[in-house]
Amino acid sequence: MSGAASVQVLDFACGVFLLAGVGALWRRALSAVIGLLAVQGAALAVVAAALGADEHHPELYAVAAGVGVLRAGVLPGLARRALAASGEDRESEPLVNVASSLLVAAALVLLAYAVAQPLARLEGSQGSRALPVGLASVLIGLFMLVARRKALSQVAGFLLLDNGITAVAFLAAAGVPLLVEIGVSFDLLLVVLVLRVLTVRMQSAFGTTDLDDLRELHD
Amino acid sequence: MNLIGAGLACSVGLTGAASAAGLALPRRSRATGVGVLTAALGAAGVVVGVAALSGRTFSACLPDVLPLAGVYLGVDALSGLFITVAGAVVLAVAVYGIGYHGHGHDPGRAASALFPLFALAMLLVPAAASVSTFLVCWELMAVTSLLLVLTEHRRREQVREAGLWYAVMTQLGFVLILFALVWLAAAAHGETFAAIRAAAGHLSPAVRGTVFVLALVGFGSKAGIVPLHAWLPRAHPEAPSPVSALMSAVMVNLGVYGLIRVGMGLLGGGPRWWWLLAMAAGAVSAVYGILQASVTSDLKRLLAYSTTENMGLIVLGVGAAGLFGSAGKPQLAGIALAAALLHVVTHSAFKALLFAGAGSVLRATGTRDLDALGGLRQAMPVTTAAFAVGALGAAALPGGAGFVSEWLLLQSLIHGLAVPGIVVSVVLPIAVAAVALSAGLAVATFVKALGTGFLARPRSDGAARAAESPATMLAAMLMLAGAATVLAVAPGLAGSWLARAVAGVTPVGPAVADAVRTKLTVLGSTMSPLVVVAGTVGVTVVLAGLLRLVVGVRRRAVPLWDCGAGPPSARMQYTATSFAEPLQRVFDDVLAPESDVDVTPVVESAYLVERVSYHRVVPDRIEHRLYAPVLIAVRWCGERARALANGSVHRYLGYAFSSLVILLVALAAVK
């Protein structure tokens, strides 16, 4: 792959990454949200691979493959199984409705670009121009955690958040050391497993997975 | 590296060894190992301090010890004075600790290892020569002392409350000191003391004034100045006795050191209102502290309040020195500062001695309540004698250690009336009155402590079973008593050291030092405490001999007339409470004691009384008025804040999200 082509691939992947994040806020069907997460994971893997091609780091290909398997395959698969077990496919009444959510998402993307300007201007690598995309995904993920009720939406929000963090790490510093990446991925896997168990338990206890039913957490 | 550097390095090494001994040695030999090594650490401190006092100086920069800032050390005569005092008290208290901890009061591994670290921190604070080094040493001292106060938290519930009070007060003080010094360093564009000293003259008066007030409040809280004294009567009684001795005799001094170092050394003196503020705080502390001490019946609490009194006198002296300096009277300033520094030294000697004595009593009887003591003179003769020497010093009577410095302070205040200005001519007589009143109340307080605590007959089983302390504790008390006696009868010996310490701080230099030395020597010769003591002792001995000659050697034993009310019992003697009752009556409006009489009638008839119970407490009024509203407000805010946490996960996530977004928006807007 030539330098110019890899930059174009990188830009395209970043665009898909951001769109998938915003799309996850737009769709109410949880299966569609999980599908968008898989797309975002795949885009992240492409970002890593394109960076590897651009900066001639062959080990980034291995990282890209690992990221792709985990974030586009394993984690969405686990979420799908949890979805099948819970039997609720719609985020019926979100705390913030879809239209407002999209407006907020637009504002958050603007904020991310405004804040990350000095970082984007750093003449480090091709990736640093696209850095605000990762930050935007972090903010959108956090917003999803706040604005959606179902436990599976929380899982999705958390995954958006973590995808964003990983994207920032890739774009700013061409990835963290392999050992750290493996550790983070392992943590992520555990978190999703725990949330999945939680979803199933909530379903059997309350008949719904609305997180606002958990109100005991105060002094 | 000269003697001072070698001594400091040596003390750091000894601290490591002592802490390791505290952690590693088995219980049987732990107290001895830690005690011996800590005593050596104290001796190293004395060597460093004396070397600095005899004219050597030392400065060093260790860039690798603290990241970014580096460690700057600098020892001059003023530091030397405080290091000498700290080292000497550490030496004696470490020896005392061998007996105290070795026989029954084992503090455990952690406290044994922390004790030398606390001692080292107190040696290093005066040796720091940059803001960051000073703050690190100060915080090390605060944290180690807090952990040591909590040593016995498993045995008594009150220890935790005392620890909480101490932690809050000391950290608040630390924050203020941090603000003051960091602000000063930022304004002076340099954080070493030398850089600040060079730039301090060009700062704006507003910055200088604010820094001084912050430093006064911060260091005042460490020195136990009213109204920031609330931790002192709590933490000192609840700490193990060697720790209370170190805290009360050395740690509070460092508050004074900080005030002198920042106010006079770094800022180089200031306008009149600074020092009038310090004098007012000192005078109020002196009178209020000793007043509370005179009505309390807890021995260690009494000593803690007496510390507030003495620190008040010292701050009063420092304030007077600054006032005279700002009025262009360097000689008077030198005398007042010398008086304050001499009082630092003597107070450390007699207060360490008194706390050691109180620790012995506590160890032997299991109580600190003066009402339940008495009759210790026969069982504990050495402790009683040592406590008497300390009490004489604290009472500021001729022959006692505190007398010379208080006398010098009074003289400088009286001569200060020559300074023109209406404020001065109003303030100085009041200050003289405050010193005199506190001296008088101190006599009553320590007569009470010695008389009801040690003389007459025991008033409880614990006091009746008392036995003399182990030899190491007695040796330490005798060492401290010897130091107090030397300071009392021959204060002129310290003259040249004091002169050098004073000359290092006040900008005027050697001329004033000469004046101070002359003054101390003249004081030594004209009213020579040695002659006073020798005269008093001689006359007493001669009179006693004459009486025996006249009355005769033969003694006649006759039954005592008891008014027909049965033989006199220990319940009929003066207790601490009853001794203080007249004082409490006189100062009723100030102290506002709360008394409560409960009369329970017999069930059959309301006219027959079954039981009468009488309760009386003397609450700390300043604390009630000042702290209670703040605590209530904080508690109210805490209760209201519970509504913020209603249990909804989304709300908690929302807090995090909105704070992040607000932060980012602010960042984007500021840029």
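The values are calculated or read from the model by the stated rules, or taken from the named source; none is laboratory data. All figures in this text were calculated on a predicted structure; none of them were measured in a lab. Cβ atoms come from the backbone with ideal geometry, glycine included; neighbour counts cover every protein chain shown.
Specify which of the listed residues (B:Val612, B:Val649, B:Val618) is in contact (Cβ under 8 Å) with a residue 40 or more places away in the chain and either touching a Ser or Thr at 6+ places or on another chain (Cβ under 7 Å) or not hydroxyl-bearing (Ser, Thr, Tyr) (or both).
Just one listed residue meets the conditions, B:Val618.
Do any helices (runs of 4 or more DSSP H) entirely within region A:120-219 hold 3 or more residues that are touching a helix residue (DSSP H, G or I) at 6+ places or on another chain (Cβ under 6 Å), within 14 Å of chain B (Cβ to nearest Cβ) and at pLDDT 80 or above, and if so, which?
Output list reads A:131-147, A:151-173.
Looking at B:Cys61, B:Cys137, which is the one that is touching a strand residue (DSSP E or B) at 6+ places or on another chain (Cβ under 6 Å) and over 19 Å from B:Gly265 (Cα atoms)?
Within the list B:Cys61, B:Cys137, the selection yields B:Cys61.
Go through region B:557-671 and tell me which helices (runs of 4 or more DSSP H), entirely inside it, have 3 or more residues that are more than 14 Å from chain A (Cβ to nearest Cβ) and surrounded by 10 or more Cβ atoms within 10 Å (Cβ to Cβ).
Because the criterion is at least 3 residues that are more than 14 Å from chain A (Cβ to nearest Cβ) and surrounded by 10 or more Cβ atoms within 10 Å (Cβ to Cβ), the helices (runs of 4 or more DSSP H) in region B:557-671 that meet it are B:576-586, B:588-591, B:621-641.
With respect to B:Gly495, is the statement that it is modelled with pLDDT under 80, among the small types (Gly, Ala, Ser), closer than 30 Å to B:Gly258 by Cα and in a helix (DSSP H, G or I) true?
In short, yes.
Just to be sure, is B:Ala544 among the aliphatic types (A, V, I, L, M), over 25 Å from B:Thr445 (Cα atoms) and not in a helix (DSSP H, G or I)?
Criteria not met by B:Ala544.
For every residue, the table says whether it meets (1) at positive phi; (2) buried (at least 24 other Cβ atoms within 10 Å of the Cβ); (3) of a type in the set (A, V, I, L, M, F, W, C).
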{"position": "B:Ala223", "(1), (2), (3)": "no, yes, yes"}
{"position": "B:Ala245", "(1), (2), (3)": "no, yes, yes"}
{"position": "B:Ser248", "(1), (2), (3)": "no, yes, no"}
{"position": "B:Ala281", "(1), (2), (3)": "no, no, yes"}
{"position": "B:Ser294", "(1), (2), (3)": "no, yes, no"}
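Could you tell me whether any residue of region B:170-191 is without any contact (Cβ under 8 Å) to a residue 60 or more places away in the chain, in a helix (DSSP H, G or I), of a type outside the set (Gly, Ala, Ser) and more than 24 Å from B:Gly74 (Cα to Cα)?
yes
Do we find a residue being modelled with pLDDT under 95 and part of a strand (DSSP E or B) anywhere in region B:118-137?
yes
Out of B:Leu474, B:Leu487, I need the residue that is in a helix (DSSP H, G or I), aliphatic (A, V, I, L, M) and surrounded by 24 or more Cβ atoms within 10 Å (Cβ to Cβ). Which one?
B:Leu487
Given the criterion under 30 Å from B:Arg272 (Cβ atoms) and free of Cβ contacts under 8 Å to residues at least 24 places away in the same chain, identify the matching residue among B:Gly322, B:Gly328, B:Gly317.
Going through B:Gly322, B:Gly328, B:Gly317 in turn, just one is under 30 Å from B:Arg272 (Cβ atoms) and free of Cβ contacts under 8 Å to residues at least 24 places away in the same chain: B:Gly328.
Looking at region B:309-401, what helices (runs of 4 or more DSSP H) fall wholly within it and have at least 3 residues that are in contact with a His (Cβ under 9 Å, 6 or more places away or on another chain)?
The qualifying helices (runs of 4 or more DSSP H) are B:330-365.
For region B:234-256, check the following and say yes or no: at least one residue is touching a Leu at 6+ places or on another chain (Cβ under 6 Å) and at pLDDT below 90.
No, region B:234-256 has no match at all.
When the residues of region A:111-138 are filtered to those that are under 18 Å from the mean Cα position of the chain (by Cα) and without any contact (Cβ under 8 Å) to a residue 24 or more places away in the chain, which remaining residue is surrounded by the most Cβ atoms within 10 Å (Cβ to Cβ)?
Checked region A:111-138; the qualifying residue surrounded by the most Cβ atoms within 10 Å (Cβ to Cβ) is A:Pro132.
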